[in-house]
Amino acid sequence: MSARPTLWRNARLATLAGTAGWGLVERGAVLVDGATLRWVGAEADLPRGLAVETEHDLQGCLVTPGLVDCHTHLVYGGDRAREFELRLRGATYEEIARAGGGIRSTVAATRAAGDAELFGTARRRAQALMAEGVTTLEIKSGYGLSLEHEARMLRVARRLGAELPLTVRTTCLAAHALPPEFDGRADDYVEAVCAWLPQLHAEGLLDAVDAFCDRIGFTPAQTRRVFEAAHALGLPVKLHAEQLSDQGGALLAAGFGALSCDHLEYLGDAGVEAMARAGTVAVLLPGAFYFLRETRPPPVEKLRVAGVPMAVATDHNPGSSPTLSPLLMLNMACTLFHLTPEEALRGMTANGARALGLADRGRLAAGLRADFVAWDLEHPTELAYRFGGGNPCRRVVVAGVERAP
């Protein structure tokens, strides 16, 4: 420990330190040494004779770990408001996609946007997430669908992490949809994606690899080829799985030790069991479920019984989840998917971090990274209880340093 650490005191802590429960500490304090939590507990138990550099009185605020948004598509051009109207008139997500809308329309807008525009719009989106307590987020590519444009998206994501006070993890989702230049040649496109991965990895742009395995995405066999290429590079994999149909994607991904499988509305028993064995996180995305007016929720009770860790994320994207409110997702996870408030918060802290392969955050415990948020609330249940009408986030600390409001 350095000679003069920083003390944050007079707070109610929701540490989430155990495998279940809030881990509440009344009138608690955290001791920060550099970027690390060195001590967490009740103020009355602080080490005797402690000398601190700075002391912050949190005036009874609730303190939680920093929020982790483990599934976003933050970098893109344009929007898809027109498609929202079409869906309200009865068109399905699949019908819009097959007619040339959907992901392809965002690909065209993203390719047409300059680097400065992509960075500027993504920066504003990231700042909106940060304003509600996000300290770590994942950003996927997948709206470039060529080596040039996938690399541009990933470079923008890396720049966001370098210039903003938050951690950004990057995921290559080139196997998101078939670009127009590969019409009718899905296998050829998958071969191209596999060839791009070593180049993107060599440039230091990748933390993980993802794919969209579904009727309007890629087959399990094609997804397997992408995963094999990722594993050859030592990169972990994730999967958009079982969103619109059960293609056995979760079973496949678990076989590769996937960090996470995401969406999962049509997840079957075999997929649940495979994820439990592999320790794969189930990432629940209530924003997309709500926005697409889906009626079949993920099998939360089966995941719970099997012991599959559940994360919650915004899935921010222009087509199916244009939200920038992680707090609203906590509420929706409870109201739409029947998570408990504690499960929802754990899903956007400890389990969100796990879905990104990050073991150093998501809980308040000695030795972990000093990412935490002070809220103008009395109890952590209120984070999921409230929706709209104000932001209770008051102070955010990232790697031991308070972030400017």
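The values are calculated or read from the model by the stated rules, or taken from the named source; none is laboratory data. In this text the structure is predicted, and so the values were computed from the model without any measurement. Counting neighbours? That spans all protein chains shown, and the Cβs are built from the backbone with ideal geometry, glycine included. SASA here: full protein model, heavy atoms, side chains in, ligands and nucleic acids out. Shrake-Rupley method; radii C 1.70, N 1.55, O 1.52, S 1.80 Å.
Structure above, values below:
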| read-out | value |
| --- | --- |
| Choice from Ser245, Ser141, Ser325 with maximal GNM fluctuation in the chain (Cα, 10 Å cutoff) | Ser245 |
| Antiparallel DSSP beta bridges within the chain, as percent of all bridges there, nearest 5 | 45 |
| Placed amide H near Phe256: partners under 5 Å, 5+ positions off or other chain | none |
| Per residue value of the accessible surface for the range 68-117 (all protein chains in place, 1.4 Å probe), Å² | 46 |
| Per residue solvent-accessible surface (Å²) - the range 211-316, probe of 1.4 Å | 34 |
| Pairwise FRET efficiency - Glu181 versus Arg82, Cβ, R0 = 22 Å, nearest 0.05 | 0.40 |
| Share of carbon and sulfur in the accessible heavy-atom surface of the range 154-221 [1.4 Å probe, %] | 52 |
| Binned Cα-Cα distance frequencies in the range 246-405 - 10 Å width, integer % | 11, 37, 36, 14, 2 |
| Along the chain, longest interval not containing exposed trypsin sites (Lys or Arg not before Pro), exposed being DSSP loop plus at most 10 other Cβ atoms within 10 Å | 90-292 |
| Quotient of Cα Rg and 2.2 N^0.38 Å for the range 157-292, N being how many residues it contains | 1.05 |
| Rounded Å value of the spacing that divides the Cα centres of the range 175-214 and the range 30-66 | 46 |
| Kirkwood hydrodynamic radius of the range 228-298, Cα pairs, Å | 12.2 |
| Theoretical ellipticity at 222 nm over the chain - DSSP helices of four or more residues, -39500 (n - 2.57) apiece, nearest 500 | -10500 deg cm²/dmol |
| Per-pair calculated FRET efficiency, R0 = 22 Å: Tyr385 and Gln59 via Cβ, rounded to 0.05 | 0.55 |
| Coarse-grained scattering of the range 1-88 at q = 0.22 Å⁻¹, given as base-10 log I(q)/I(0) from a Debye sum over alpha-carbon atoms | -1.10 |
| Carbon plus sulfur fraction of accessible area for the range 93-143, probe 1.4 Å, in percent | 51 |
| Within the chain, longest stretch free of exposed GluC sites (Glu not before Pro) [DSSP loop, at most 13 other beta carbons within 10 Å] | 204-377 |
